[in-house]
């Protein structure tokens with residue numbers, strides 16, 4: 001399942017990355033989004049971009065287009 005299939009309030013686990021550059025993948029990993037990490041989709045901006053997730057006790061905002069590179073499993 002792709003990140004874009006999630007709705008506000010959903011919990012998910014990162015499975016893998018798809019279609020992201022190495023540098024952006026490393027950036028996500030440095031922010032705590034490594035495979036196996038669980039997060040909650042907290043908010044979506046009125047126009048759909050950016051999205052806010054709660055991961056490892058902090059809130060992180062991501063561009064929806066970049067977050068779409070995350071393959072996730074809904075919990």
### Message
Which numbered condition in (1) modelled with pLDDT of 90 or more; (2) within 12 Å of the chain's Cα centre (by Cα) is the only one that residue 32 fails?
### Response
(1)
### Task
Can you give me the ranges of the strands (runs of 3 or more DSSP E) entirely in region 21-75 with at least 1 residues that are touching a helix residue (DSSP H, G or I) at 6+ places or on another chain (Cβ under 6 Å)?
51-55, 70-74
#### Entry: Residues of region 1-30 that turn out to be touching a strand residue (DSSP E or B) at 6+ places or on another chain (Cβ under 6 Å), more than 14 Å from residue 72 (Cα to Cα) and surrounded by 14 or more Cβ atoms within 10 Å (Cβ to Cβ), as a count
1
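The values are calculated or read from the model by the stated rules, or taken from the named source; none is laboratory data. Quick caveat, the model's predicted, so the values are computed rather than measured. With ideal geometry, Cβ positions are generated from the backbone for all residues, glycine too; neighbour counts draw on all protein chains shown.
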